[in-house]
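Below is one structure. I have some questions about it.
The values are calculated or read from the model by the stated rules, or taken from the named source; none is laboratory data. Please read all numbers here as calculations on a predicted model, not as lab measurements. In this analysis, Cβ positions are derived from the backbone assuming ideal geometry, glycine residues included, and neighbour counts consider all displayed protein chains.
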């Protein structure tokens, strides 16, 4: 791939002329040929994925608040803008880390401290505590603590010495990427990498795409 000189006649040109494409970073290439060949299943899946990525980038950059937020993050990087950061955010779902025991607030029985991280912003964290028969014991939204830098959830139910329970943690980011994690409860100081649900054979099933919609900050 050729690269044009910055001080040449075409140094500041960007776009397409005939079959030649001039990129903003200085490269010159031939326009991609569109063929009618049938895509494989994996190729079609990859194409559909990128159609979703670009759709979110269009939604994010058309929303004044989201566009301003991504643009602010991109200021420190050369040749990067809100569009590129929206794409990056869509392609990197949140990650649920270690779960530990915290000090509950007044009136609560116990507290979960959940480490959830994202390259950009974790939108919300939901917690479900399920009995062995699948019934819900308690559920609700975790609250982020600026001092502890983790998501806290307080249990209001006295669980006693019960051990045959299941904890479900769901984390969501701005583009709508959802990460689902299931652990036996109690699971304090548990490393998710050592749990069956986070084994390599099942890791791909953690990530569930939600419908595209412009999340508010």
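Any chance segment 120-131 includes a residue that's farther than 30 Å from residue 184 by Cβ, touching a helix residue (DSSP H, G or I) at 6+ places or on another chain (Cβ under 8 Å) and assigned by TED's automatic domain parsing to the domain that holds residue 151? Explain how you work it out, then say what you get.
So the first thing to find is which residues in segment 120-131 are farther than 30 Å from residue 184 by Cβ, and the list is 120.
So of that shortlist, the ones also touching a helix residue (DSSP H, G or I) at 6+ places or on another chain (Cβ under 8 Å) come out as 120.
Narrowing further to those that are assigned by TED's automatic domain parsing to the domain that holds residue 151: 120.
The answer is yes; a qualifying residue exists.
Now for a different question. Pick from 132, 82, 108, 86: which is more than 19 Å from residue 166 (Cβ to Cβ) and at pLDDT below 85?
Working: 132 fails: more than 19 Å from residue 166 (Cβ to Cβ); 82 fails: at pLDDT below 85; 86 fails: at pLDDT below 85.
Result of the check over 132, 82, 108, 86: 108.
How many residues are more than 25 Å from residue 92 (Cα to Cα) and surrounded by fewer than 17 Cβ atoms within 10 Å (Cβ to Cβ) when one looks only at segment 115-137?
7
Name the single residue, out of those in segment 146-168 being within 23 Å of residue 92 (Cβ to Cβ) and at pLDDT below 90, that is surrounded by the fewest Cβ atoms within 10 Å (Cβ to Cβ).
Taking the candidates together, the pick is 146.
Of the residues 73, 66, which single one is farther than 18 Å from residue 176 by Cα, within 19 Å of the chain's Cα centre (by Cα) and not in a strand (DSSP E or B)?
Just a single option satisfies the conditions, and that option is 73.
Right, something else. Testing residue 119 on (1) out of contact with any strand residue (DSSP E or B) (no Cβ under 8 Å at 6 or more places or on another chain); (2) over 15 Å from residue 171 (Cβ atoms), one condition comes back false. Which one is that?
(2)
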